[in-house]
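**Student:** A single structure is presented below for examination.
Please treat every number below as a calculation from the coordinates, not as lab data. Every value quoted in this text rests on a predicted model; they were computed, and no experiment measured them. All Cβ positions, even for glycine, are placed from backbone atoms using ideal geometry, and neighbour counts span all protein chains on display.
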Amino acid sequence: MANNDSIKKTLTVTILLCIVCSVVVSTAAVYLRPVQEVNKSLDFKRNILAAAGLTDQMNGKSVDEVFNQRVTTRAVDLDSGTYTDEINPADYEQRKAAKDPSMSEDLSADQDIAKIGRREDVALVYLIEGDNGLETIVLPVRGYGLWSTLYGFVALEKDLNTVKGLGFYEHGETPGLGGEVDNPNWKSLWEGKEVYDEEGNAQLTVIKGAVGPDTKDAEHKVDGLSGATLTSRGVGNLVQFWLGEQGYEPFLTNLKKGEA
């Protein structure tokens with residue numbers, strides 16, 4: 001009688017089980033990928049609407065409905081600060097472009113305060129317009145915190161200076177500390193803050209501690225996150241980078257003049 005507990009049979013069963021499990025997992029991944037991509041796209045759009053303050057106005061409509069009705073996506077050449085038609089926003093992947101030397105530029109240490117390494121040549125911006133023209137513009141931003149790169153959006157009012165909203169849709173910061181960038185109470189502190197001073201320089205940043213009634217230039221400052229100094233500094237740096245001369249500042253300047 002054969003020994004059912006032999007090493008050979010044990011290994012055979014183990015290998016067959018591993019193969020079956022691998023096939024099941026691989027098959028599930030292939031079939032679920034389209035669903036994951038759809039959900040990822042919806043989450044991306046939902047975060048744009050949230051930054052623009054539109055999620056409270058959905059009235060039972062889907063994310064896609066509201067996004068398609070209210071948001072216009074345009075491609076911007078960051079060097080010239082003007083719109084470009086050479087890129088189709090529907091097909092453009094901004095993250096991939098940032099890693100492609102032919103579609104991005106290497107940043108020097110002095111320039112790279114957001115610690116992103118390379119900056120894409122073209123960025124997408126999201127315009128919310130009404131009967132009287134531009135109401136809100138949503139700008140993608142990213143930068144390194146303590147443990148991760150934070151990806152999010154800054155929304156500006158039609159004056160292109162006053163913050164309407166800020167939020168991050170992807171990061172790996174410490175829950176309860178740096179992860180408090182997702183706290184609605186902290187995000188609400190950004191509303192109404194001003195990006196630029198009278199000379200047009202980007203001044204908006206995150207400070208250590210809290211902004212009080214006696215804080216100088218309080219209109220340009222947001223409370224730091226308690227116990228998360230490096231994450232707070234990272235958020236301040238990424239905001240200053242993307243709203244500065246290496247980011248959207250040339251475009252926003254041209255847009256104010258009607259020259260974008």
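**Student:** In whole Hz, with x marking every Gly and Pro, tabulate ³J(HN,Hα) for the range 224-240 from phi via Karplus 6.51 cos²θ - 1.76 cosθ + 1.60, θ = phi - 60°.
**Tutor:** x, 7, 4, x, 9, 4, 6, 5, 4, 5, x, 5, x, 5, 5, 5, 5
**Student:** Skipping prolines and chain starts, which residues have an amide H placed within reach, meaning under 5 Å, of the one on S104, given they are 5 or more residues away or on another chain?
**Tutor:** Here the answer is D121, since their amide H atoms fall under 5 Å of that of S104.
**Student:** Let me ask another. Got the relative contact order for the range 159-260 handy, in percent, Cα pairs under 8 Å and 6 or more residues apart?
**Tutor:** Reported relative contact order: 25 percent.
**Student:** OK, next. Go through K115/K187; K99/K187; K96/K208 and tell me which ones have a Cα-Cα distance over 26 Å in this structure.
**Tutor:** K99/K187; K96/K208
**Student:** Further question on the same structure: On a full-extension model of 0.36 nm per residue, what is the gain between N201 and S22, subtracting their alpha-carbon distance, rounded to one decimal in nm? It would help to have the intermediate numbers written out before the result.
**Tutor:** Details: separation 179, 0.36 × 179 = 64.44 nm, distance 5.52 nm.
Full extension from N201 to S22 adds 58.9 nm.
**Student:** Fewest Cβ neighbours within 10 Å first, please rank V25, V211 accordingly. Can you show the working numbers first?
**Tutor:** Values: V25 10, V211 18.
Starting with the residue having the fewest Cβ neighbours, the order is V25, V211.
**Student:** Once label points are set 7 Å from the Cα along Cα→Cβ at both N254 and T229, what is their separation, rounded to one decimal in nm?
**Tutor:** 4.1
**Student:** Can you give me the long-range amide H partners of V141? Hydrogens built in the peptide plane at 1.01 Å from N, cutoff under 5 Å, separation of 5 or more residues or another chain.
**Tutor:** G152, F153, V154
**Student:** When a/c is below 1.5 the answer is rounded, else prolate if a/b is larger than b/c, else oblate, so apply that to the range 171-248 with a ≥ b ≥ c taken from the square roots of the Cα gyration tensor eigenvalues.
**Tutor:** Cα axes put the range 171-248 in the oblate bin.
**Student:** Now a separate question. Counting Lys +1, Arg +1, Asp -1, Glu -1, what net charge surrounds L255 among other residues with beta carbon under 14 Å of its beta carbon?
**Tutor:** Net of charged neighbours comes to -3.
**Student:** Take every DSSP beta bridge whose two residues both sit in the chain, then give the antiparallel share in percent to the nearest 5.
**Tutor:** 95
**Student:** Once you keep just the Cα pairs under 8 angstrom separated by 6 or more residues, what percentage relative contact order results for the chain?
**Tutor:** The normalised contact order for the chain reaches 17 percent.
**Student:** Subtract the Cα-Cα distance of N132 and E65 from 0.36 nm times their separation in residues, and report this length gain in nm to one decimal. Before the final figure, lay out each step's value.
**Tutor:** Details: separation 67, 0.36 × 67 = 24.12 nm, distance 2.14 nm.
Between N132 and E65, full extension yields an extra 22.0 nm.
**Student:** Does the range 47-257 come out rounded, prolate or oblate, given a ≥ b ≥ c as the square roots of the eigenvalues of its C-alpha gyration tensor, rounded meaning a/c under 1.5 and, failing that, prolate meaning a/b above b/c?
**Tutor:** rounded
**Student:** What does the C-alpha gyration tensor say about the overall shape of the range 72-193? Classify as rounded when a/c is under 1.5, otherwise prolate if a/b is larger than b/c, or oblate.
**Tutor:** Oblate, since a/c reaches 1.5 and b/c is not below a/b.
**Student:** May I pose another question? To make sure I understand, if each residue's beta carbon is the centre and we count other beta carbons within 10 Å, what order do M58, M103 fall in, fewest to most?
**Tutor:** M58, M103
**Student:** Counting alpha carbon pairs within less than 8 Å and at least 6 residues apart, what relative contact order, in whole percent, applies to the range 150-216?
**Tutor:** Details: 74 pairs, mean separation 17.4, N = 67.
Result for the range 150-216 is 26 percent.
**Student:** If you don't mind, there's one more thing I want to ask. Would you list D112, D182, D100 from fewest to most Cβ contacts within 10 Å?
**Tutor:** Ascending Cβ contact count within 10 Å gives the list D100, D182, D112.
**Student:** Would you please give the FRET efficiency between N39 and Y83, computed as 1/(1 + (r/R0)^6) with r the Cβ-Cβ distance and R0 = 30 Å, to the nearest 0.05?
**Tutor:** It comes out at approximately 0.50.
**Student:** At what distance in angstrom do the alpha carbon centres of the range 68-88 and the range 124-174 lie from each other?
**Tutor:** 15
**Student:** Continuing with this model, one more query. Residue-wise, which Karplus ³J(HN,Hα) couplings in Hz belong to the range 7-24, taking 6.51 cos²θ - 1.76 cosθ + 1.60, θ = phi - 60°, and x for glycine or proline?
**Tutor:** Once θ is set to phi - 60°, the couplings for the range 7-24 become 4, 4, 5, 5, 5, 4, 5, 5, 5, 4, 5, 5, 5, 4, 5, 5, 5, 4 Hz.
**Student:** Can you give the calculated 222 nm mean residue ellipticity of the chain, where each DSSP H run of n ≥ 4 adds -39,500 (n - 2.57) and the sum is split over every residue, rounded to the nearest 500 deg cm²/dmol?
**Tutor:** Details: 6 runs with 87 residues, N = 260.
Calculated at 222 nm, the ellipticity per residue is -11000 deg cm²/dmol.
**Student:** Which whole-Hz ³J(HN,Hα) couplings does the range 86-101 yield from phi under the Karplus relation 6.51 cos²θ - 1.76 cosθ + 1.60, θ = phi - 60°, glycine and proline marked x?
**Tutor:** 3J(HN,Hα) across the range 86-101, in whole Hz: 6, 10, 8, x, 5, 9, 7, 10, 5, 5, 5, 4, 5, 9, 9, x.
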